[in-house]
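Below is one structure, written out as structure tokens, with a few remarks after it.
The values are calculated or read from the model by the stated rules, or taken from the named source; none is laboratory data. Note that the structure is a prediction, hence the values are computed from the model and not measured. Every residue, glycine among them, receives a Cβ derived from its backbone with ideal geometry; neighbour counts consider all protein chains shown. Ligands, DNA and RNA are excluded from the accessible area calculation, which covers all protein heavy atoms including side chains. Shrake-Rupley method; radii C 1.70, N 1.55, O 1.52, S 1.80 Å.
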Amino acid sequence: MPVARLFLVVQLLLLTGFGGAYFLWPQEMGAVSGMLLMESSAVTDVRAQYGALPVGLAVFLALALWRPELTRPALILLLVLYASLALGRIAGLWLDGGAQQTFNLWAILFEVVSAGLAGWALQRWRADR
């Protein structure tokens with residue numbers, strides 16, 4: 001299995017798993033990062049943003065696995081999204097303090113590694129063509 005396809009499969013599984021967990025158990029999953037969801041509107045927002053959005057992205061990745069011409073756009077999308085998340089989280093830690101937040105530090109590590117792997121898979125995809 002080419003590197004790009006393997007990366008898409010791993011991301012599809014991760015996004016489906018975490019997205020599904022946030023959709024089904026928003027309060028419990030939100031508590032992991034320190035969110036306190038006090039209103040039903042907050043719970044619905046977490047279900048949509050942290051649950052349905054990653055699952056929707058996973059559906060696009062599944063489509064890219066099924067239709068190879070979508071591999072490059074899927075890799076570019078993952079590269080941009082993970083880099084944006086990492087930069088936003090780094091800026092948030094700088095602006096808001098809290099570099100001791102273990103959750104955010106692990107999340108930054110995951111996002112930077114995922115962005116790097118997406119870029120690497122994109123380069124390998126180009127070389128394999």
Original post:
Is it true that Met35 is hydrophobic (A, V, I, L, M, F, W, C) and either open to solvent by less than 40 Å² (accessible area, probe 1.4 Å) or touching a helix residue (DSSP H, G or I) at 6+ places or on another chain (Cβ under 6 Å) (or both)?
Top reply: no
Original post:
Is there a residue being open to solvent by less than 60 Å² (accessible area, probe 1.4 Å), within 19 Å of Trp125 (Cβ to Cβ) and in contact (Cβ under 8 Å) with a residue 60 or more places away in the chain anywhere in the range 62-70?
Top reply: yes
Original post:
Can you tell me which residue in the range 100-120 is modelled with the lowest pLDDT, limited to those that are surrounded by fewer than 17 Cβ atoms within 10 Å (Cβ to Cβ) and among the small types (Gly, Ala, Ser)?
Top reply: Ala107
Original post:
Can you pull out the residues in the range 12-30 that are more than 19 Å from Phe110 (Cβ to Cβ), open to solvent by 40 Å² or more (accessible area, probe 1.4 Å) and in a helix (DSSP H, G or I)?
Top reply: Phe23, Leu24, Gln27, Glu28
**OP:** Six or more apart or on different chains, Cβ under 7 Å: which pairs go from a residue in the range 91-106 that's closer than 19 Å to Gly30 by Cα to one that's among the basic types (Lys, Arg) and surrounded by 10 or more Cβ atoms within 10 Å (Cβ to Cβ)? Could you list them?
**Re:** Asn104/Arg89
**OP:** Could you please give the count of residues in the range 30-45 that are touching a Phe, Trp or Tyr at 6+ places or on another chain (Cβ under 9 Å) and modelled with pLDDT of 95 or more?
**Re:** 0
**OP:** Residue by residue through the range 78-97, note down the ones that are touching a helix residue (DSSP H, G or I) at 6+ places or on another chain (Cβ under 7 Å) and of a type in the set (Gly, Ala, Ser).
**Re:** Ala83, Ala86
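One line per residue, one yes/no per condition, for (1) of a type in the set (A, V, I, L, M); (2) in a helix (DSSP H, G or I); (3) open to solvent by less than 30 Å² (accessible area, probe 1.4 Å):
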| residue | (1), (2), (3) |
| --- | --- |
| Val43 | yes, yes, yes |
| Arg47 | no, yes, no |
| Ala52 | yes, yes, no |
| Gly56 | no, yes, no |
| Arg72 | no, yes, no |
| Ile90 | yes, yes, no |
| Gly98 | no, no, yes |
| Leu122 | yes, yes, yes |
